[in-house]
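K.L.:
There's a structure below that I have some questions on.
Readers should treat all values here as calculations from the given coordinates under stated rules, not as data from a laboratory. It should be emphasised that the depicted structure is a prediction, and the values quoted were computed from it without experimental measurement. As a convention, Cβ positions derive from the backbone with ideal geometry for all residues, glycine included, and neighbour counts pool all protein chains shown.
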C-alpha cells in the first residue's frame with residue numbers, strides 16, 4: 001500500500017550528505033521536505049512556514065540548534081522538533097530537551113530509527129486528535145490511507161490524497177492557492193496556481209459529482225481560495 005501524507009518537514013542540517021540522504025528517504029515515504037544548510041536560513045524558514053515537523057542539527061553555522069529551538073518556542077511555535085547531534089552525554093540531551101526539542105537522536109543513526117521517531121511525533125495529539133477525519137459522510141483514514149464516502153471506497157492519487165487531507169484538517173477554513181501549494185507540494189516543485197485548480201477538479205469529480213443529492217463539499221470562495229464545507 002502506498003502511504004499518502006500531507007505532512008511537510010523542514011531539515012536544518014549543515015552536512016549536505018546527511019541532509020540530502022534524509023530528504024531523499026523522507027520523500028520516498030511521501031513527505032514534502034525542505035532543507036536549510038545553515039542555522040540562519042533554517043530559523044527564517046521555520047519562522048515563516050508552518051512546518052508539521054522540524055529535524056534540527058544541534059551544531060550549525062551562524063545560529064546553533066539550541067538557539068533555534070529557544071527562538072521558536074519563544075514565539076510560541078509548537079512544531080515538533082527532533083534534534084540531531086554528535087554529542088551523546090546526558091547533560092547535552094537534557095540541554096536540548098530543555099531548549100524545546102521533543103526528541104533527540106545521536107549521530108550516526110539509522111534512517112529507519114529517524115523515520116520511526118518522525119512517525120511517533122506525527123501521531124501525537126494536535127488539533128486533530130483522531131486518525132480519521134470525517135465531514136458529511138466523507139471519511140479519510142490518515143493511517144490506513146483510505147477514503148470513503150457513504151461507505152464506498154474512493155481511489156485517489158498521492159497528490160489528491162494530500163490535498164484532500166489538508167482541506168479536511170482545515171474544514172470550514174478558506175485556504176488560498178499558496179496555502180495549498182506550501183503544504184501539498186515540495187518547496188522546489190514546479191507548481192503553478194492553475195495546478196491547484198486542476199487537482200481541485202480531480203477531487204470534485206471523485207467525491208462530489210458522484211453524490212449529486214449530497215452537500216457539495218469542496219467549495220470555491222471566489223477571490224480567496226477553497227474550503228471544505230463542514231456545515
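K.L.:
Taking only Cα atoms, what is the 0 to 90° angle, nearest 10, from helix 16-28's long axis to the longest principal axis of the chain?
P.N.:
20
K.L.:
What residues of segment 59-80 lie in the reach of a label at residue 121, counting those whose backbone N is under 14 Å from a point 7 Å from the Cα along Cα→Cβ?
P.N.:
Flagged as within label range: 65-66, 68-70, 72-73, 77-80.
K.L.:
Next question, about the same structure. Express the relative contact order of segment 1-109 as a whole percentage, based on alpha carbon pairs under 8 Å and six or more residues apart in sequence. Show your work: numbers first, answer last.
P.N.:
Values: 188 pairs, mean separation 24.9, N = 109.
Computed over segment 1-109, the figure is 23 percent.
K.L.:
Another question, if that's okay. Relative to the present Cα-Cα distance, how much length would full extension add between residue 213 and residue 132 at 0.36 nm per residue of separation? Don't skip to the answer; put the middle values down first.
P.N.:
On the way: separation 81, 0.36 × 81 = 29.16 nm, distance 2.38 nm.
Length difference between fully extended and current span is 26.8 nm.
K.L.:
Could you list 7, 122, 83, 47 in order of exposure, starting from the residue whose Cβ has the fewest other Cβ atoms within 10 Å?
P.N.:
Values: 7 21, 122 17, 83 28, 47 12.
Lowest to highest Cβ neighbour count: 47, 122, 7, 83.
K.L.:
What list do you get for 154, 12, 228 if you sort them by fewest beta carbons within 10 Å? Working shown, then result.
P.N.:
On the way: 154 18, 12 28, 228 23.
In order of increasing Cβ crowding within 10 Å: 154, 228, 12.
K.L.:
With angles folded into 0 to 90 degrees, how steeply does helix 39-48 sit against the dominant principal axis of the chain? Use alpha carbons for both and round to 10.
P.N.:
Roughly 30 degrees between the two axes.
K.L.:
Ok, one more. Taking the structure as given and computing Cα extents along the principal axes in Å, which label from (i) 50, 39, 39; (ii) 62, 33, 30; (iii) 56, 38, 30 fits?
P.N.:
Only one option fits the structure, namely (ii).
K.L.:
Something else: Top mean-square fluctuation among 34, 50, 153, Gaussian network model of the chain, C-alpha springs under 10 Å?
P.N.:
Most flexible of the set in this elastic network: 153.
K.L.:
So how far, in whole Å, is the C-alpha centre of segment 27-42 from the one of segment 84-107?
P.N.:
20
K.L.:
Going by alpha carbons, how many degrees (0 to 90, nearest 10) lie between the helix axis of 111-122 and the longest principal axis of the chain?
P.N.:
With both axes taken from Cα atoms, the answer is about 60 degrees.
K.L.:
Taking square-rooted eigenvalues a ≥ b ≥ c of the alpha carbon gyration tensor, is segment 8-122 rounded, prolate or oblate, where a/c under 1.5 means rounded and, failing that, a/b exceeding b/c means prolate?
P.N.:
Numbers: a/c = 1.32, a/b = 1.11, b/c = 1.19.
Here segment 8-122 falls in the rounded category.
K.L.:
Multiply the residue separation of residue 174 and residue 78 by 0.36 nm, subtract the distance between their alpha-carbon atoms, and state the gained length in nm to one decimal. Display every interim value, and only then the final one.
P.N.:
Numbers: separation 96, 0.36 × 96 = 34.56 nm, distance 2.22 nm.
Here the answer is 32.3 nm.
K.L.:
Just to confirm my numbers, what's the Cα centroid distance between segment 144-187 and segment 191-225 in Å?
P.N.:
After rounding, the separation between the Cα centres reads 11 Å.
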